[in-house]
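Q: Can you read through this structure? Questions will come right after.
Computed from the coordinates by the stated procedures, all read-outs in this text should not be read as laboratory data. Remember, it's a predicted structure, so these values are computed and weren't measured experimentally. Using ideal geometry, Cβ is built from the backbone for each residue, glycine included, and neighbour counts are taken over all protein chains shown.
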Amino acid sequence: MEYLPIFIQIKNRPCLVVGGGSIAARKVALLRKAQADVTVVSPELCTELQQLKDDGLIQHQSREYEEYDLEACVLVIAATDQRPVNEAVSELAKQLRLPVNVVDNPDLCSFIMPSIIDRSPVVIAVSTGGSSPVLARLIRTKLEGSIPAAYGRLAKLVEGFRDKVKSAFPNVESRRGFWETILEGKVAELVFTGHEEEARQTLDKAIETQSEKPEMSGEVFLVGAGPGDPDLLTFRALRLMQQADVVVYDRLVSPAIMEMVRRDAEIVYVGKERDKHTMQQENINQLLVRLAKEGKRVLRLKGGDPFIFGRGGEEIELLAQEGVAFQVVPGITAANGCSAYAGIPLTHRDYAQSCVFVTGHLKDGSVDLNWKALAHPNQTVVFYMGLHGAPTLCKEMVAHGLPASTPVALVEQGTTPQQRVYIATLDTLLDVIASKDIKPPTLIIVGEVVTLHEKLSWMGENHVENEDSVFAYKDR
């Protein structure tokens, strides 16, 4: 380790920046964020620095750098485009034992300005020791995606309870166990979801119990896992997947996504296929209630979005009735994900001004839809779970006014490496399904927007045209 990572307190303390250009302005912005008293030495100032001077937010010495400028400061940054000046600043600062940073010259620095993730009072710094600032920024970007902005609010909340916890738990190990429970449990989730006063009350009550492992109530996380590609998960979904004690998941949750759940969590499969249910929905609802009442954090992981043909509403109805805490995390529904990966916009000013999502079968397996409302021109209709009802779909859409030549797309295993897209019409759809042995999960998209597929298919699949003018898109 070439550099010791430290955090310096410079609030209201004099810091010097030599240079008045845009790079100097970026450094001044960081110093001001740390509430430093900043002086800039430069004959001229860029627009940003001039505005700060006019607003009285920085001091400015309109001249060339002089050695005595370093006498009153506690930290110095050289950001000129003249290497001799930067070298002179660096040499004198090191003689005076002042921390010095010379922009883009690691050999002249005694400290490095890292890439920063600011969740104040939580601050994370990433540095490559000056060898690759771009790599440091890339790493910072990846970390920012997994660290909610609310961590700053959580840190401020627990800061006010440190003395109280120290009194209630005199043993270091017991304090550590208590804080781990709090920071990975209900209190943290309340802060993340904006219920800070309730979080404060819950934390206060937990301290009063003076228990090394305070009893915390269970909770259910109803999370949409999206259509299959793990890159489409939300940040909140990923965070809750790592916190759950029990994971209750469906058939449409891809293996790649299941790889991302907490390793030591209990896994319960409740997948359902047509005419083959591992567990009845009513039993799933009861299971969620029971696990939460045992004090467990339960991740109910559902393919797509739990509120779009995911029966999420039925599950949280019982949770609400039983007084079980829950939160809902939306996911990218199959219609959005699969159509986007197939290069088929669901709406387009020239083709479709509305879009309708419908389920291909009812609870009893029948297909009974408002066909008159669905068979409209300039409209896209997306059928979920529609393979079994495809004969009825084709017949009724044509019977209610749509031309038999209306384009149709089938997206099989959309957004996954096994994705296949088939283009047909209402007249040829059944032949395609029969000849290609298409299996669920497959989404059916009906409408003129399907004609845009060949032009907008950004995934880059190779396609083969058969004699029926149906394009079979191979694995990507």
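Q: What are the residues whose amide H is under 5 Å from the amide H of Leu387, where those residues sit 5 or more places off or on another chain and H is modelled from the backbone?
A: none
Q: Could I ask something else about it? Using a basic spin-label model with each label point 7 Å from the Cα along Cα→Cβ, how many nm lie between Ser354 and Lys142?
A: Distance between the two pseudo-spin positions: 4.7 nm.
Q: While we're on this one: Using only the alpha carbon atoms of the chain, find the Kirkwood hydrodynamic radius as the inverse mean reciprocal pair distance, in angstroms to one decimal.
A: 27.1 Å
Q: Here's something else I'd like to know. Pull up the DSSP beta bridges for the chain and report the antiparallel fraction as a percent, rounded to 5.
A: 40 percent
Q: Cβ under 15 Å from Cys15's Cβ, Cys15 left aside: what net charge do those residues give with Lys, Arg +1 and Asp, Glu -1?
A: Net charge in that neighbourhood comes out at +3.
Q: Can you return the aspartates and glutamates within cross-link range of Lys156? Criterion is Cα-Cα under 12 Å, with same-chain partners fewer than 8 residues away left out.
A: The reachable aspartates and glutamates, counting only those whose Cα sits under 12 Å from Lys156, are Glu196.
Q: Also, quick follow-up: Using θ = phi - 60° and the Karplus form 6.51 cos²θ - 1.76 cosθ + 1.60, what ³J(HN,Hα) does each residue of the stretch 280-291 get, whole Hz, x for Gly and Pro?
A: Once rounded to whole Hz, the list reads 5, 4, 4, 6, 4, 4, 5, 4, 4, 4, 4, 4.
Q: Whole-Hz Karplus ³J(HN,Hα) for the stretch 398-403, in order, using 6.51 cos²θ - 1.76 cosθ + 1.60 and θ = phi - 60°, x for Gly and Pro?
A: Coupling constants for the stretch 398-403: 6, 4, 9, x, 7, x Hz.
Q: If I take every Cα pair under 8 Å that is 6 or more residues apart in the chain, average their sequence separation and divide by the length, what percent do I get for the relative contact order?
A: For the chain, the relative contact order is 9 percent.
Q: Arg300's amide H: which non-local residues (gap 5+, or another chain) put their own amide H closer than 5 Å, with H modeled 1.01 Å from N in plane and none for Pro or chain starts?
A: Here Phe221, Leu222, Val223, Val248 satisfy the definition.
Q: Angle between the Cα long axis of helix 172-183 and the longest principal axis of the chain, 0 to 90 degrees, nearest 10?
A: On a 0 to 90 degree scale, this one is about 50.
Q: If you look at just the Cα atoms of the stretch 151-208, how large are its Rg and its Dmax in Å?
A: 10.7, 32
Q: Right, here's the next one. Counting other C-beta atoms within 10 Å, and keeping those with at most 15, which DSSP coil GluC sites (Glu not before Pro) do you find in the stretch 71-168?
A: Glu71
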